[in-house]
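**Student:** Before anything else, here's the structure in question.
The values are calculated or read from the model by the stated rules, or taken from the named source; none is laboratory data. Everything numeric in this text was worked out from a predicted model, so none of it was measured. Reconstructed Cβ throughout: ideal geometry from the backbone, glycine too, with neighbour counts over all protein chains shown.
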Amino acid sequence: MSSAALPDTLDLAAIRARHTLLLLNRLWQGDRARVDLARELGLSRSAISSIVTELLEAGLVQEVGPRLSGCAGGQGSGGKSGSGQVGRRATLLALNARAAALLAVDLGASHARVDLLDLRCTTLASRTAQHDILRGPAATYALLSRLARAVLAEAGVPREQVAGVGAGVPGPVDHATGCVVQPPNMPGWDGENVMAGLEEALGLPTRVDNDANLGALAETRFGAHRGASDLIYVKAATGIGAGVLLGGRLHRGVRGGAGEIGHISINEQGPVGRSGNPGSLESYAAAQVLVETARTRRAAGTPSTLPDPLTLADLLAHAGTDPLARAVWAEAGHHLGVAISTALNLFNPSAVVIGGRLAQAGEVFLHPLRESALSRTMRINAGGTRIDLSTLGADAGVLGAGAMLLDHLFTPLGLRHLYRVAGSGRGPPQTPSAAPLPLPHSPGGTL
């Protein structure tokens, strides 16, 4: 082979891989016939048939029968050809969502959850346990390993069929190393390489990211604002963090610390929060601060029917009915809105989605938040922006972990791994000298 021919060969392989991924993404969105794929992707029927044949043999795609009702397609679509002749009903193709499985880990300050997902991120089995993250990495990995074994056993899925593990943690993650860095709400975890720890505990390749980043991925793929390319997801719970999606991509910053909205100072003369910064948002609106505020105010005489001692669960359950609870949530919403206005003026997103446990307070929390944020935002940045509560609830973490894995499996390198997990032993066309590749990793443990 001449040196001049080599780039052409590499380009052709890359183009075919790209077309394969485009086709898989279309089938992830919904069933389609070959004729539909040819039209939508601008490829010839023969090119589509070649790729589909490969995917059928790999087990990633399956035929699910003829199109049931009339569709204004061309010949083979169940309609008429250009010559007026009636053609065969087109055979619909579907992504085989059970060709591989994903393990999704949602780790919080007081809970651990592991879900086994299919390739559409539908839960096949789920386990949740109360867990204090202050117990440290070793105890946490041991618990996650037990939960993972339980979901695999319940679903009857062998470990070899799992394409990877995605995990969200409630602290800043260095994207280049996979380590958590000075996590305010995870004492004892500073410098811990969570990716390596989980890989050793679970025996599977792993990706790790901040839980708010995963919330943003979940919202844009599965939430009410699905498809949004500029979106901010705010997770408000024990800590407060934000996942920032710009131009369809997560904005992580140089090391992965972007989005730490909880440590923005909203009052430079205010109390010191967990990060050590005076007047940070978390020193006013984090979960435990709200509980302490409510207890202090009741002791000072504010009327309330809440139990004594009150808890966050009490504040949430009576958010709209108890006068003390209403006042606490209104004030918390106001403070969070002040911080969100800064994000609106910086990034001008189409949507801000509020998730995490504090979002369960509902409108009594959301209304003052909106009012506070939008009144402090320039009109050009406020006019087209929606501020809503998440509709994904407690599933945001595992859905975000699944979305993170899909984003990396649906790449040329990830696709080769997906072929192998599906058990075919075949991969997308590659250069003759290319050897089978291991599951792709970056220094941060990416698939």
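**Student:** I'd like the full set of residues that are farther than 19 Å from ASN25 by Cβ and either assigned to a strand (DSSP E or B) or under 14 Å from the mean Cα position of the chain (by Cα) (or both), limited to the range 230-248. Reasoning before the result, please.
**Tutor:** Pass one, the range 230-248, residues farther than 19 Å from ASN25 by Cβ: 230-244, 246.
Those that are farther than 19 Å from ASN25 by Cβ and either assigned to a strand (DSSP E or B) or under 14 Å from the mean Cα position of the chain (by Cα) (or both): LEU231, ILE232, TYR233, VAL234, LYS235, ALA236, ILE240, GLY241, ALA242, GLY243, VAL244, LEU246.
**Student:** Among the residues in the range 348-357, are any farther than 19 Å from THR220 by Cβ and either crowded, with 24+ Cβ neighbours inside 10 Å or not β-branched (Val, Ile, Thr) (or both)?
**Tutor:** yes
**Student:** When you go through (1) farther than 20 Å from LEU344 by Cα; (2) in contact with a His (Cβ under 9 Å, 6 or more places away or on another chain) one by one for LEU281, which number turns out not to apply?
**Tutor:** LEU281 satisfies all of (1) farther than 20 Å from LEU344 by Cα; (2) in contact with a His (Cβ under 9 Å, 6 or more places away or on another chain) except (1).
**Student:** Please work out if GLY333 is under 34 Å from the mean Cα position of the chain (by Cα), within 21 Å of HIS367 (Cβ to Cβ), surrounded by fewer than 16 Cβ atoms within 10 Å (Cβ to Cβ) and not hydroxyl-bearing (Ser, Thr, Tyr). Let's see the steps before the verdict.
**Tutor:** Numbers: under 34 Å from the mean Cα position of the chain (by Cα): yes; within 21 Å of HIS367 (Cβ to Cβ): yes; surrounded by fewer than 16 Cβ atoms within 10 Å (Cβ to Cβ): no; not hydroxyl-bearing (Ser, Thr, Tyr): yes.
Criteria not met by GLY333.
**Student:** So is ARG370 modelled with pLDDT of 95 or more, under 18 Å from the mean Cα position of the chain (by Cα) and charged (D, E, K, R) or not?
**Tutor:** No, not satisfied.
**Student:** Would you pick out the residues in the range 206-233 that are touching a residue at least 12 places away in the same chain (Cβ under 8 Å) and basic (Lys, Arg)?
**Tutor:** ARG207, ARG221
**Student:** Next question. Where residues in the range 271-286 are assigned to a loop (DSSP other than H, G, I, E, B) and touching a Ser or Thr at 6+ places or on another chain (Cβ under 6 Å), which of them is modelled with the lowest pLDDT?
**Tutor:** GLY273
**Student:** Something else: What's the number of the condition LEU312 fails, among (1) crowded, with 18+ Cβ neighbours inside 10 Å; (2) closer than 19 Å to GLY171 by Cβ?
**Tutor:** (2)
**Student:** Kindly indicate which of LEU144, LEU102 is buried (at least 23 other Cβ atoms within 10 Å of the Cβ), under 20 Å from LEU55 (Cβ atoms), in contact (Cβ under 8 Å) with a residue 12 or more places away in the chain and touching a helix residue (DSSP H, G or I) at 6+ places or on another chain (Cβ under 9 Å).
**Tutor:** Result: LEU102 is the single residue among LEU144, LEU102 that is buried (at least 23 other Cβ atoms within 10 Å of the Cβ), under 20 Å from LEU55 (Cβ atoms), in contact (Cβ under 8 Å) with a residue 12 or more places away in the chain and touching a helix residue (DSSP H, G or I) at 6+ places or on another chain (Cβ under 9 Å).
**Student:** Also, I was wondering about something else. With respect to GLY84, determine if the residue is modelled with pLDDT under 95, surrounded by fewer than 19 Cβ atoms within 10 Å (Cβ to Cβ) and in a loop (DSSP other than H, G, I, E, B).
**Tutor:** Taking the combined requirement at face value, the residue satisfies it.
**Student:** Can you pull out every residue in the range 168-198 that is within 21 Å of ALA101 (Cα to Cα) and surrounded by fewer than 19 Cβ atoms within 10 Å (Cβ to Cβ)?
**Tutor:** ALA196 - this is the single residue of the range 168-198 that is within 21 Å of ALA101 (Cα to Cα) and surrounded by fewer than 19 Cβ atoms within 10 Å (Cβ to Cβ).
**Student:** Within the range 293-309, track down each residue that is closer than 20 Å to SER283 by Cβ, aliphatic (A, V, I, L, M) and touching a helix residue (DSSP H, G or I) at 6+ places or on another chain (Cβ under 8 Å).
**Tutor:** Passing the criteria: only ALA294.
**Student:** Can you name the residue in the range 268-292 that is under 20 Å from ALA359 (Cβ atoms) and aliphatic (A, V, I, L, M) and, of all such residues, is surrounded by the most Cβ atoms within 10 Å (Cβ to Cβ)?
**Tutor:** Only one residue tops the list, namely LEU281.
**Student:** Taking interchain pairs and intrachain pairs at least six residues apart, which have beta carbon atoms under 6 angstrom, with the first residue in the range 236-261 and among the basic types (Lys, Arg) and the second assigned to a loop (DSSP other than H, G, I, E, B)?
**Tutor:** Qualifying pairs under 6 Å: ARG252/HIS175; ARG252/ALA258; ARG255/ASP174.
**Student:** Where residues in the range 23-40 are of a type outside the set (D, E, K, R) and buried (at least 17 other Cβ atoms within 10 Å of the Cβ), which of them is farthest from the chain's Cα centre (by Cα)?
**Tutor:** Applying the filter and picking the extreme gives VAL35.
**Student:** Please enumerate the residues belonging to the range 39-64 that are touching a helix residue (DSSP H, G or I) at 6+ places or on another chain (Cβ under 7 Å), assigned to a helix (DSSP H, G or I) and without any contact (Cβ under 8 Å) to a residue 24 or more places away in the chain.
**Tutor:** Answer for the range 39-64, where residues must be touching a helix residue (DSSP H, G or I) at 6+ places or on another chain (Cβ under 7 Å), assigned to a helix (DSSP H, G or I) and without any contact (Cβ under 8 Å) to a residue 24 or more places away in the chain: GLU40, LEU41, ARG45, SER49.
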